[in-house]
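Scroll down for the structure; my scribbles are underneath it.
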Amino acid sequence: MKEIENMENKLKNLLNIELLKRAFSAIIFMPLVLVPFFLSNYLLAIIFIIINSVVLIELKNMVKNNKFITPLILYSTIATFSFFLFIMITICDPQRKSFILELLITIWIFDTFSYIGGKLIGGKKIFPKISEGKTYSGLSSGIIFTLLFIHAIKIYISDTTLISIIITLLIISAAFLGDLVASVIKRNYGIKDASNIMPGHGGLYDRFDSFIMVMFLYGILLLIL
């Protein structure tokens with residue numbers, strides 16, 4: 001009986017105004033990001049340059065009295081590199097465009113199910129001193145459901161392979177690292193969200209922290225190979 005009550009409380013915790021805000025933001029935001037992939041490279045470039053600019057403004061606003069500004073300057077450089085690499089690959093290398101789209105979808109699925117799993121199941125926190133929201137249950141849920149969704153799609157389109165599973169796991173790892181780095185940065189500057197531009201998510205930086213790290217590491221991999 002107690003377990004049922006606990007589950008009901010967790011469902012109430014999940015199905016709250018915060019989730020509605022996140023859903024509302026996703027309904028508006030995802031088409032804004034995905035539609036340019038299929039309409040116009042110029043539109044895509046404009047939208048992501050604007051997103052990059054907003055992210056840089058949010059990072060700049062974290063600094064108070066010009067203290068500890070060097071880490072944010074370095075991170076801002078990484079963020080700009082990531083956004084422009086994304087734009088250049090998408091526009092100049094059509095063969096990689098589908099993979100870049102897969103990167104975005106994988107990150108969003110992982111983020112969504114990590115959030116849902118963490119809220120529903122709860123449990124032990126991974127880094128309680130860095131981020132109170134990251135739990136082992138959320139991470140496990142994110143990994144499992146991302147693999148299921150991505151490879152259900154791939155099986156429908158073409159045969160999935162061990163290599164494709166490994167690639168998905170690498171994307172997930174980079175996305176989690178990006179989220180963790182963002183948590184360290186925000187905790188260092190004593191803030192929870194970069195801004196309130198996206199209800200339920202915070203700022204654009206809060207939404208693109210995983211994307212920045214995934215694209216940055218992908219860029220390094222391209223340079224090495």
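The values are calculated or read from the model by the stated rules, or taken from the named source; none is laboratory data. Please read these numbers as outputs of a predicted model, since none were measured by experiment. With ideal geometry, Cβ positions are generated from the backbone for all residues, glycine too; neighbour counts draw on all protein chains shown. To get the accessible areas, we keep the full protein, side chains included, count just its heavy atoms, and leave off ligands, DNA and RNA. Shrake-Rupley method; radii C 1.70, N 1.55, O 1.52, S 1.80 Å.
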Report summary line: Carbon/sulfur accessible area of the range 96-223, % of total, 1.4 Å probe, equals 70
Query raised in the report: What full-extension length gain, to one decimal in nm, is calculated for Ile73 and Ser98 as 0.36 nm per residue of separation minus the Cα-Cα distance?
Result: 5.9 nm
Query - Accessible area of Lys124 in the full protein assembly, 1.4 Å probe (Å², nearest 10) - result: 150
Query raised in the report: Roughly how many Å² is the accessible area per residue of the range 65-202, as a whole number, for a 1.4 Å probe?
Result: 55
**Report entry** Once the Cα gyration tensor of the range 130-225 is diagonalised, semi-axes √(5λ) in Å
**Finding:** 27, 17, 12
Query raised in the report: Can you give the accessible area of Leu32, probe radius 1.4 Å, in Å² rounded to 10?
Result: 90
Query raised in the report: Considering only protein heavy atoms, what is the solvent-accessible area of Tyr115 at a probe of 1.4 Å, reported in Å² to the nearest 10?
Result: 40
Query raised in the report: If r is the Cβ-Cβ distance from Ala152 to Phe84 and R0 is 41 Å, what FRET efficiency results, to the nearest 0.05?
Result: 0.80
Query raised in the report: Using the reciprocal of the averaged 1/r over all distinct C-alpha pairs, how large is the Kirkwood radius of the range 62-193 in Å?
Result: 16.6
**Report entry** Computed label-point distance, nm, for sites Leu222 and Glu132 using a 7 Å Cα→Cβ extension
**Finding:** 3.9
Report task. For the range 40-160, calculate the relative contact order in percent as a whole number, restricting contacts to Cα pairs under 8 Å that are 6 or more residues apart. Result -> 18
